[in-house]
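Remarks on the structure that follows.
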Amino acid sequence: MLAAAADLDFLRSSVTVRETEDGISFFDGETGFAAELDGAVLSQFGLASLAMKEQLARFGLTNDTADLTDIRRKQRNALAGGRSTLQRLQDRLESLCRTVPYFAERRSQFSPELIEDVEAFEALPLMRRKDLRANFPHALLPTNIDLREGLFSGRMAFVATSGSTEDRIQVLANSMVDRLPFGADDLLGIPLSGKQPKTAFFTTAVCSSSACFRQATTYQDRISQSSPDLLLRTTSDPFSMDRTLIEDFHAELTDYRPTILAADPLYLQCLVRAARRYSIPVPSVPVVQTGFEFRTQLSHRTLRETFKCPVLDDYGASEENRLAVECHRGCLHVRADAVYLEIINQQGACQPGAIGNVVITTFDTLTPLVRYLIGDLASWTGKKCDCAFSAWPVIELHGRAKDLLRTRESWISSLQIDRAIQAPEWLEFYRITQRQPEMFEVELIAALDADPDILEFADLLSDYFEPAHLRIRAVCGFELLPSLKVGTTLTKLPTPEIIP
């Protein structure tokens, strides 16, 4: 079936061609792209025919271009299959109504025949955490999966949320899904050669199903057998890290040599502070990706200066960890390959600049989510990024809905507070807690060898708070949340499920 080698000289030198039982497979060693052509199609046209060359050119496999950015763009388009967002949503609903009891029982609400346009899809009922708790696992798992085999082989795993919302839930996740999108070289601005990069994780001890696993086992035990990942040893109190933890961090990061250090930004900032106190150097890495909780401007500055590399956000959740990712241009792009993301308030869909609740629909998760209210706040920027992922819309993440503060008859997000505070040189951490209307407790941790400037801090927040309503004090550490996250804005008052 294969043509002579001379007939394949139109392919790029990195492309490997092999016969399969059903046709011919192509693998691009530079980008990691793989495709297979059916034998019947090959018999009809021939591998060296003009029609076949045009098809392979659309896959970025021919030698008419050497620009890898352009090649990966073509291959991303090929992987997307040319379907519109509406078609993908209709296909997803059709599959769920056939295979998932929860949706089959509610076909009158979720039938794809009802979805004539995206606006009709956005009128479907919202899913909430209580729906997951009430229906998982039996009603929310596809009937056509082999759960026992999936769990035994490690291809599937039960994942629990961190508890940051004080109502932990479980989902079934596909362990084999790549964390980064295809062609992430163009996203992060570093060469990856079509491979998922080696990644070291430094987070809370309960950010995943591996709770406590990171502390109790050896370095070798914390290297994943199924992905190029290392779980770095962590702590249950980031504000009192001992010398041994910092030395282990240095040794393990130096030995593993990851491309990406994925971290809770506040935990990593605490580690940098402790490393300075003990005069222990911190190894450099090509990229730091922050996630797991809200990143402040203070933490961003500290990490960028310490690791001397790009510090990019990676927005995800336990229910679906592929929600948005920051590119090397500084734009947080929605992962349109994995989710359909909406931003809504009580009036409906939000226009650019308006803060709203994040609602997601997943395209390929084992635990399906359709218009799921995930508990976060965001806004569309309306910005058109010029990176290779410019087709993916750009958002700003505002924090958790449950962390809104109420002041002067308005709801204020974590991002709005952080923008007001900025990044004073004397400050490293802050936390604002509201326990009653118009009364706010403020805790500050000054930089090493610096004194807190309480008057300046109050002035920075004057657009939102009366100085008399702030009770500001300097502290050495914060009491952690039940999830062991740090938090920057907290409230004990009831907050709206959907923002006005």
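Every read-out reported here was derived from the displayed coordinates using simple, explicitly stated rules and does not represent laboratory data. None of the values given here were measured: they were computed from a predicted structure. Using ideal geometry, Cβ is built from the backbone for each residue, glycine included, and neighbour counts are taken over all protein chains shown.
Counting other beta carbons within 10 Å of each residue's own, what order do F363, F389 fall into, fewest first? Please list the in-between numbers first.
Details: F363 19, F389 23.
Neighbour counts put them in this order, fewest first: F363, F389.
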**OP:** Find the relative contact order for region 404-491 and round it to a whole percent, using C-alpha pairs within less than 8 Å whose residues are 6+ positions apart.
**Re:** 34 percent
Original post:
If you line up the long axis of helix 68-80 against the longest principal axis of the chain, both from Cα atoms, how many degrees apart are they, to the nearest 10?
Top reply: 80 degrees
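Cβ under 10 Å from Q289's Cβ, Q289 left aside: what net charge do those residues give with Lys, Arg +1 and Asp, Glu -1? Write down the numbers at each step before the final one.
On the way: positive: R179; negative: D313, D314, E326.
So the surrounding residues net to -2.
Within 10 Å of each residue's Cβ, count the other Cβ atoms and sort H398, H250 from fewest upward. Walk me through the numbers on the way to the answer.
Values: H398 26, H250 16.
Listing H398, H250 from fewest to most nearby Cβ atoms yields H250, H398.
Can you compute the charge dipole magnitude of the chain about its Cα centre, using +1 on each Lys and Arg Cβ and -1 on each Asp and Glu Cβ, nothing else charged? Give it in debye, rounded to the nearest 20. Working shown, then result.
Working: 53 positive and 68 negative charges, 127 e Å.
Rounded to the nearest 20 debye, it is 620 debye.
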**OP:** Quick one: check the C-alpha center-to-center distance for region 48-101 versus region 265-329, whole angstrom.
**Re:** 33 Å
Original post:
Cα convex hull of the chain: mean projected area in nm², to one decimal?
Top reply: 25.5 nm²
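If each residue's Cβ is checked for other Cβ atoms within 10 Å, how do Y102, Y315 rank with the fewest at the top? Mind dumping the intermediate values first?
Numbers: Y102 21, Y315 24.
Arranged by neighbour count, lowest to highest, Y102, Y315 become Y102, Y315.
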**OP:** From the C-alpha gyration tensor of region 105-154, pull out the three semi-axes of the equivalent ellipsoid (sqrt of 5λ each), sorted largest to smallest, in whole Å.
**Re:** 28, 14, 10
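For region 404-491, what is the convex hull volume of the alpha-carbon atoms per residue, in Å³? Display every interim value, and only then the final one.
Numbers: hull volume 8.1 nm³, N = 88.
Considering the Cα atoms of region 404-491, their hull volume per residue is 92 Å³.
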**OP:** Run down the lysines and flag those whose C-alpha is under 19 Å from the C-alpha of K195, throwing out any fewer than 8 positions away in its chain.
**Re:** K74
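Remind me, relative contact order of region 1-73 in percent, using alpha carbon pairs under 8 angstrom and six or more residues apart?
Numbers: 79 pairs, mean separation 20.1, N = 73.
Over region 1-73, the number comes to 28 percent.
All other residues with a Cβ under 11 Å from the Cβ of D453 taken together, and with Lys, Arg as +1 and Asp, Glu as -1, what is their net charge?
Numbers: positive: none; negative: E425, D451, E456, D459.
Computed value for this residue: -4.
Could you work out the relative contact order of the chain? I mean the mean sequence separation of Cα pairs under 8 Å and 6+ apart, divided by the number of residues, in percent. Present the calculation step by step, with values, prior to reporting the outcome.
Details: 900 pairs, mean separation 54.2, N = 500.
With pairs under 8 Å counted, the relative contact order is 11 percent.
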**OP:** Net charge near I412: determine it from the other residues with C-beta under 15 Å of the C-beta of I412, scoring Lys and Arg +1 and Asp and Glu -1.
**Re:** -1
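Mind pulling the per residue volume of the convex hull built on the Cα atoms of region 1-156? Å³ is fine. Walk me through the numbers before you get to the answer.
Details: hull volume 28.7 nm³, N = 156.
Dividing the Cα hull volume of region 1-156 by its residue count gives 184 Å³.
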